[in-house]
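Every read-out reported here was derived from the displayed coordinates using simple, explicitly stated rules and does not represent laboratory data. What you are looking at is a predicted structure, and each value in this text was computed from that prediction instead of being measured. FYI the Cβ positions are ideal-geometry reconstructions off the backbone, even for glycines, and counts take in every protein chain you see.
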Amino acid sequence: MPEINSETIGWRVTLRNQLVHGLRNTNQATLLFMSFVFMVVAGAGLLMIPNATVSGHIDLMDAMFTAASAVCVTGLTVVDTGTYFTLFGQIIILALIQIGGLGVMTLSVIVFRIMGKQISFRQRMLMQDIFMYSRNRE
């Protein structure tokens, strides 16, 4: 087991501080795009776990397409989800669909708030318009 000393801890803290500082200074549109890409790559990585498929294998492009389709809530797949994926794989796809349905934008706003970034009035109005719900009364 590697020895942990003050030099190792200092290096890790410095790296973490640089990462946080870099994220705080990143453009919001870039963070939104990065969060979408992160969800697709993470979802594809999880779908490539052998326990996620019945055969124990899925091609990288098939996993990426399935993950991107789930996050975008389009429902397109290159394989039959019910027979190709195990329950674990189906739960991963369901989670990606839920994250996509909740919206990458909403999750990004939550991340912005956690990081201490301010959301402008214009951005708040845009979010309100996106989530405005009006019932059609007949």
request  = Would you mind getting me the FRET efficiency between residue 124 and residue 78? Use the beta-carbon distance for r and R0 = 35 Å, nearest 0.05.
outcome  = 0.35
ask   = Taking H as built 1.01 Å from N, whose amide H comes closer than 5 Å to the amide H of residue 53, not counting residues under 5 places away?
value = 86
key: Point-to-point label distance, residue 55-residue 94, nm (Cα→Cβ direction, 7 Å offset)   = 2.5 nm
inquiry  = Under 8 Å for C-alpha pairs, at least 6 residues apart: give me the relative contact order for segment 13-90, rounded to a whole percent.
reply    = 27 percent
request  = Determine, from the Cβ-Cβ distance of residue 27 and residue 87 and an R0 of 41 Å, the FRET efficiency 1/(1 + (r/R0)^6), rounded to the nearest 0.05.
outcome  = 0.55
ask   = Hey, rough spin-label estimate for residue 38 and residue 102, points 7 angstrom out along Cα→Cβ, what's it come to in nanometres?
value = 1.3 nm
